[in-house]
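I have placed the structure first, in the form of structure tokens, so that the comments after it can refer back to it.
Rule-based calculations on the coordinates, nothing more; no lab input. Quantities reported herein were computed from a predicted structural model and do not represent experimental measurements. Cβ sites come from the backbone with ideal geometry, for glycine too, and all protein chains shown count toward neighbours.
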Amino acid sequence: MVTAFQEGEAITAYLDRLLESVGIPCEVLVVYDSPDDSTAPWVEKYARQDERVVPTLNTYGRGPARAIRFGFDNAAANVVVVTMADGCDDTCQIEQLTRLVERGIVIAAASRYVRGGRQIGGPAIKSALSRMAGASLHLLARVGTHDATNSFKAYSADFVRSVGIESDSGFEVGIELVAKARRHRLPVAEVPTIWLERTYGNSSFRLLKWTPKYFRWYIYAFGPRQSSGMGVLPGTKISDPSAGLAP
């Protein structure tokens, strides 16, 4: 799943790189919020040449969290990898993350903050907050990754259907699901990644607006153990309250 916002023609080069990196069978849902998003015509053109690419109009409302929820609800695969269209993530790691989930991990995280990982570029304050949150969650809450806030992760679709997604605006979905995996005592693993700040366009991340939403899930990760609830039937919508949302 690729979330995109006003990427225009640049999405073409990104999809070229992504599909060159992934040798296993896949579908690539490119999720955008409105039919007049500049990404849409270029994705539609690409899809006519490569059936693996699926233009996906998010009807849950604007914002990254709703786009990710919509993508999960429309993905056919048992493993869903979330990545951004801005080119910051290393698409060569998609298969590695997918294989970890296929082996029984519920979340496989690409981590900037372990040996071999690195973040190059990006706002210093955002980076510092992310690093501190990741380190403290790993050490104190034992969430299984040093980089809970990074959006670049592979997920078990059954796990996400089981716990649901409550985030409704920003990129806090990643930390929400890591926190829920910890509360349910389900396995999370990580691999080092090198994250590169985008070289074109503008980031859609809103630090002041979204930080309180991250903090909510940061605190949640320290809560008591909950039952795994992994019995949700395939096809249950992830945003549906009946999917077993954790309180």
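A few comments on the model shown:
- In this rough spin-label picture, where each label sits 7 Å from Cα along the Cβ direction, the THR59-ILE219 distance is 3.6 nm.
- Proximal charge balance of ARG62 [Cβ under 11 Å; K/R count +1, D/E count -1]: -2
- Residue (of PHE70, TYR113, GLN96) at the positive-pole extreme of region 59-128, dipole from beta-carbon charges: TYR113
- Ordering ALA10, VAL81, VAL53 by Cα displacement along the dipole of region 7-88 toward the positive end leaves VAL81 in first place; charges were set at the Cβ atoms of Lys, Arg (+1) and Asp, Glu (-1).
- Under 5 Å between amide hydrogens, built in the peptide plane, is the criterion, and for ARG118 it picks out THR193, ILE194, TRP195 among residues at least 5 positions away or on other chains.
- Fewest-first ranking of SER227, SER127, using other Cβ atoms within 10 Å as the exposure measure: SER227, SER127
- For the pair ALA76 and ASP36, a Förster radius of 25 Å applied to the C-beta separation gives a FRET efficiency near 0.40, rounded to the nearest 0.05.
- Tensor-based shape of region 131-183 (alpha-carbon gyration tensor, a/c under 1.5 rounded, otherwise prolate or oblate): prolate
- The Rg/Rh ratio for region 86-158 is 0.97, where Rg is the radius of gyration of the alpha carbons and Rh is the Kirkwood radius.
- Phi to ³J(HN,Hα) by Karplus 6.51 cos²θ - 1.76 cosθ + 1.60 over region 7-13, Hz, x for Gly, Pro: 8, x, 5, 4, 4, 5, 5
- Which label in [x] 20.2; [y] 18.7; [z] 17.9 gives the computed Kirkwood radius over Cα pairs in Å: [z]
- As a rough footprinting exposure proxy, the listed residues ARG118, ARG69 were ranked by other beta carbons within 10 Å of their own, and the order from fewest upward is ARG118, ARG69.
- Once the C-beta distance of ARG52 and ASP158 is scaled by a Förster radius of 22 Å, the resulting FRET efficiency is 0.45 to the nearest 0.05.
- Local electrostatic count, THR91, Cβ distance below 11 Å [Lys/Arg +1, Asp/Glu -1]: -4
- If the chain linking GLU102 and ILE120 were pulled fully straight, counting 0.36 nm for each residue of separation and taking away their Cα-Cα distance, it would gain 3.5 nm.
- Exposure proxy shown here: for VAL2, VAL191, the number of other Cβ atoms within 10 Å sets the order, fewest to most, as VAL191, VAL2.
- Close Lys-Lys pairs in the chain, where close means Cα under 22 Å and separation is 8 or more or interchain: 8
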